[in-house]
Amino acid sequence: MSSFGQNYRVHTYGESHCKSVGCIVDGVPPGLRLTEEDIQVQLSRRRPGQSDITTARSEFDTVHLQSGTEHGVTLGTPIGLLVQNKDQRPHDYAETDLYPRPSHADYTYLAKYGLKASSGGGRASARETIGRVAAGAIAEKYLKQAYGIEIVAFVASVGKIALPFAEEEDEVLGKEYMNLVNTVTREQVDKEITRCPHKETSKKMEETIRAAKAKDDSLGGSVTCVIRNAPSGLGEPAFDKLEAVLAHAMLSIPSTKSFEIGSGIRGTTFPGSIHNDPFIEGKDPRTGQDTLRTSTNWSGGIQGGITNGEDIYFRIGFKPPATIAQEQPTARYDGSAGVLAAKGRHDPCVVPRAVPIVETMAAIVIMDMVLQQNARKQAASLLPPLTHLPPTMVLPGKSTVQAVVNGKDVGAVQSQKVGEE
């Protein structure tokens, strides 16, 4: 369907060559200061025509707020967002009247609906992601103001060119890669045309993309995303574990093929004695209060489907764009053999422009989970306090509990603070 989320609900609309694309966002808390400029930043990072290694389609993707705000403040009612399509060229798609593009959605949309958009990619086009990015930009602003949450994505690989994920065979993930995950900023990411913040690797990626473009070919790649300062306790067992919802969100982005959290597939090659994340005494980075932290973070900030307060990081794989100008032997709709050399303006590699899409989809997921957890906490806070629970049921150092041992009340026991013997 075209809707995502439960408490923070996003409904997108539009096709590649229709009059406009956009979304309706429901669940934005009232009182958030919000202007079109707040949303435009991420849309401008996503827009086509940014450089000569992206599509030549020229769209400024200017967003127009239609509802849900007054005097620059959200009302708590649905927010309508609209972006006009201006640079459509339907005549570039005459070949697709005869041919379904290999690995594109032309044939499957026909199989599903019995008809399809006459030009462009329809709903399968990356133009659809404009609504997601706009909705996610709103979520990002709320999460930053309310929790100090930062979300940064960057290109990790293009074709066979990749960041140094591990320098040594016995490393789960290398120090250089993890340093990027822990410290990289959007400003550093956007300094490079490929949006890979490792200058040497970025240069190789750029050369590789240009070489593919010169051959009328395309390349895939991967994007790493990190979410910092997310509170612990987000995620809903068992079917809405946070990594499951993140995977749902990320794999709904056009051209995605894989998702891995934390150490990912590489982590499966190590024994538990190396891969486990030991707990240590530490401080909550948001509040400064004593809390448990982990000395490593191969879990990617999520354990049992619930956040543990560490950075959440994951990687998404993107396939090579399907529409290429290189001649490809394939079948026409009638089954006869032919050769397709597709026209139109398309990215030779999508991952540089996918970065803000990944960031904003992550923000939508975290926003939805935050609202759900806050509703649970608020509902629980209205109940009388519990005073007869065994120490094994509460977090040490949080409160005085009335201990029950072997069914007998043994009186109030002050729980130990974290780290005490």
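The values are calculated or read from the model by the stated rules, or taken from the named source; none is laboratory data. On a predicted model such as this, the values are computed, not experimentally measured, just so you know. No Cβ is skipped: glycine too gets one built from the backbone with ideal geometry, and neighbour counts run over all protein chains shown. Note: areas computed on protein heavy atoms with side chains; ligands, DNA, RNA excluded. Shrake-Rupley method; radii C 1.70, N 1.55, O 1.52, S 1.80 Å.
Surface listing: K213, K19 arranged by accessible area from highest to lowest gives K19, K213, probe 1.4 Å. Rg of the Cα atoms in the stretch 304-378, relative to 2.2 N^0.38 Å, amounts to 1.84. Hydrodynamic analysis of the stretch 1-116 uses the Kirkwood radius over alpha carbon pairs. Inserted into Stokes-Einstein at 4 °C and 1.567 mPa s, it gives a translational diffusion coefficient of 78 µm²/s. When a 1.4 Å probe is rolled over the protein heavy atoms, the share of accessible surface on the stretch 171-293 that falls to carbon and sulfur comes to 52 percent. With a Förster radius of 41 Å applied to the C-beta separation of K257 and T392, the computed FRET efficiency comes to 0.40.
If you take the Cα centroid of the stretch 326-402 and the Cα centroid of the stretch 16-40, the two points sit 19 Å apart. Restricting the stretch 130-192 to trypsin sites (Lys or Arg not before Pro) that sit in a DSSP loop and have at most 10 other Cβ atoms within 10 Å of their own Cβ leaves K160. For the stretch 112-154, the Stokes-Einstein estimate of translational diffusion at 37 °C and a viscosity of 0.692 mPa s comes to 253 µm²/s, using the Kirkwood hydrodynamic radius over alpha-carbon pairs.
Applying 0.36 nm per residue to the separation of S381 and E207 and subtracting their alpha-carbon distance, the gain on full extension is 56.9 nm. Overall dimensions of the stretch 249-354, expressed as equivalent-ellipsoid semi-axes from the Cα gyration tensor (√(5λ), whole Å, largest first), are 45, 16, 10.
Across G235, G136, G335, mean-square fluctuation computed from a Gaussian network of the chain (C-alpha pairs under 10 Å connected) peaks at G335. What base-10 log of the normalised intensity I(q)/I(0) is obtained for the stretch 31-71 from the Debye formula, alpha carbons as equal point scatterers, at q = 0.14 Å⁻¹? Taking Cα atoms of the stretch 31-71 as identical point scatterers yields -0.41. Note on Q50 and T108: the model spin-label points, each 7 Å out from Cα along the C-beta direction, lie 2.5 nm apart. If you run the Gaussian network model on the chain, springs between alpha carbon atoms under 10 Å, then out of S252, S336, S218 the most flexible one is S336. Compared with the alpha-carbon gap, the fully stretched path from M1 to E171 is longer by 57.1 nm at 0.36 nm per residue. In this entry, the stretch 221-268 is assigned a mean projected area of 4.3 nm², taken as a quarter of its C-alpha convex hull surface.
For the stretch 109-208, the square roots a ≥ b ≥ c of the C-alpha gyration tensor eigenvalues yield an a/c of 1.5 or more together with a/b not exceeding b/c, which makes the shape oblate. Can you work out D for the chain in µm² s⁻¹ from Stokes-Einstein, where Rh is the Kirkwood radius over C-alpha pairs, the temperature is 37 °C and the viscosity is 0.692 mPa s? Here the translational diffusion coefficient equals 140 µm²/s. Between K343 and I265, the C-beta separation translates, for a Förster distance of 41 Å, into a calculated FRET efficiency of about 0.65.
Note on the chain: GNM, Cα springs under 10 Å; of T387, T201, T291, the largest mean-square fluctuation is that of T387. Accessible area per residue (1.4 Å probe, heavy atoms of protein chains only) ranks E37, E236, E207, E359 as E37, E207, E236, E359, with the largest value leading.
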